[in-house]
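Visitor: I'd like to ask you about the structure that follows.
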Amino acid sequence: TQGNLVLDRFWLDTARNTSLAYQSAVGDEAAAFIAEKQPDVVIATDDEAIRLVVRPSDSEGIPFVFTGLNSDPDNFLLAGKRNVTGVLERPHVAETLEWVKRVQPDAQSVTYLFDSSPTTFMSWPHIMLSLRGSDIAARYLHVAYSYEEWQERVLEASERGGVLIVGRYNTLKDHSGNLIAPEEVMRWTVENSAVPVVALWSHTVEEGALGGAVITGEMQGYEAGALAVRVLQGEAPLEIGFVTPRRAQLVLNSTAAEHWNVSFPLDLLEVSTVYGSQNQAG
């Protein structure tokens, strides 16, 4: 219980369990859980939860607030649903390139590296659109389907120079099909990349990347909570519509700056969240 609210949680765990059989079963379990609890509002986080729980919901039933949607709402048939509102998650690619120009003004080469997760492919149209008009001429975009391929791409980026911008990396597996912990992926990437690693999500900076203009789970959650309050106060989800946080959070890692010998402009330091060797904000 939080104040006058009672919070119940249901974890789908679809990032680690990707089979269609599992996802179908856990989607049914989530629907049964919601039917039993009969909540005043449901908050669903990330694309798979939205696909499995929000999309099949009764359009006249319990109100839903989604957050962290990388795909187009039309892909999940959400537009026009009377009981659905939510928060879109869009990587701040253009802002990140401006951040790179401030921190590494001589960078002429940018390599983008992502895993093959659903989030990557759902974000891809937005990412490609954001790259139009960039004055950093050389751009290399790669999707890694395995941890070994990810490592190869990191070393290739090191040979090109410039910077390496990373997206998601939580679905990489070794030769035996074992999932590699995201923290291990980033630890290896930082240790083996000769060029600075720039982030699109805040957790990447906490795990060792240099910094960036990032998406944060806190901002996505805050926006979803604000929408849930509006619904609880009587506003119709359809009338609220979908929202996108307009501003990225500026973050940087002081230990990474030492590692790659990077100096941050003072005015950027003053408006950024700073992480250090213990991954603590400062």
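Visitor: Looking for something in a helix (DSSP H, G or I), free of Cβ contacts under 8 Å to residues at least 24 places away in the same chain and touching a Ser or Thr at 6+ places or on another chain (Cβ under 9 Å) - is there at least one such residue anywhere in region 13-35?
Guide: Yes, some residue in region 13-35 is in a helix (DSSP H, G or I), free of Cβ contacts under 8 Å to residues at least 24 places away in the same chain and touching a Ser or Thr at 6+ places or on another chain (Cβ under 9 Å).
Visitor: Right, PRO91: in a loop (DSSP other than H, G, I, E, B) and buried (at least 18 other Cβ atoms within 10 Å of the Cβ) or not? I'd like the intermediate steps shown before the answer.
Guide: Details: in a loop (DSSP other than H, G, I, E, B): yes; buried (at least 18 other Cβ atoms within 10 Å of the Cβ): yes.
For PRO91, the condition - in a loop (DSSP other than H, G, I, E, B) and buried (at least 18 other Cβ atoms within 10 Å of the Cβ) - is met.
Visitor: Given the criterion over 20 Å from GLN151 (Cα atoms), under 19 Å from the mean Cα position of the chain (by Cα) and among the β-branched types (Val, Ile, Thr), identify the matching residue among VAL198, VAL243, VAL271, VAL262.
Guide: VAL243
Visitor: Among the listed residues PRO39, PRO56, PRO105, which satisfies the condition of being open to solvent by 60 Å² or more (accessible area, probe 1.4 Å), closer than 23 Å to ALA228 by Cα and part of a loop (DSSP other than H, G, I, E, B)?
Guide: PRO56 is the lone residue from the list that is open to solvent by 60 Å² or more (accessible area, probe 1.4 Å), closer than 23 Å to ALA228 by Cα and part of a loop (DSSP other than H, G, I, E, B).
Visitor: Among the listed residues VAL229, VAL251, which satisfies the condition of being open to solvent by less than 20 Å² (accessible area, probe 1.4 Å) and either at pLDDT 90 or above or in a strand (DSSP E or B) (or both)?
Guide: VAL251
Visitor: Within region 190-203, can one find any residue that is open to solvent by 40 Å² or more (accessible area, probe 1.4 Å), modelled with pLDDT under 95, over 30 Å from SER57 (Cα atoms) and not aromatic (Phe, Trp, Tyr)?
Guide: Yes, region 190-203 contains at least one residue that is open to solvent by 40 Å² or more (accessible area, probe 1.4 Å), modelled with pLDDT under 95, over 30 Å from SER57 (Cα atoms) and not aromatic (Phe, Trp, Tyr).
Visitor: Moving on to the next point. In region 1-36, what residues are hydroxyl-bearing (Ser, Thr, Tyr) and either surrounded by 10 or more Cβ atoms within 10 Å (Cβ to Cβ) or in contact with an Asp or Glu (Cβ under 7 Å, 6 or more places away or on another chain) (or both)?
Guide: THR14, THR18, TYR22, SER24
Residues checked against (1) part of a helix (DSSP H, G or I); (2) open to solvent by less than 70 Å² (accessible area, probe 1.4 Å); (3) closer than 20 Å to GLY212 by Cα:
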| site | (1), (2), (3) |
| --- | --- |
| LEU141 | no, yes, yes |
| GLU149 | yes, yes, no |
| LEU155 | yes, no, no |
| GLU159 | yes, no, no |
| LEU164 | no, yes, yes |
| THR171 | no, yes, no |
| GLY177 | no, yes, no |
| MET186 | yes, yes, yes |
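Visitor: Right, something else. Report whether or not LEU210 is at pLDDT below 95 and out of contact with any Lys or Arg (no Cβ under 9 Å at 6 or more places or on another chain).
Guide: Answer is no for this residue.
Visitor: Continuing with the same structure: For SER123, all conditions in the list (1) small (Gly, Ala, Ser); (2) farther than 23 Å from ALA21 by Cα; (3) more than 15 Å from the chain's Cα centre (by Cα) hold save one; what is the number of the exception?
Guide: (3)
The values are calculated or read from the model by the stated rules, or taken from the named source; none is laboratory data. These numbers were taken from a predicted model, which means no experiment stands behind them. Ideal geometry is used to build each Cβ from the backbone, glycine not excepted, and the neighbour counts take in all protein chains shown. Surface accessibility is based on the protein's heavy atoms, side chains included, excluding ligands, DNA and RNA. Shrake-Rupley method; radii C 1.70, N 1.55, O 1.52, S 1.80 Å.
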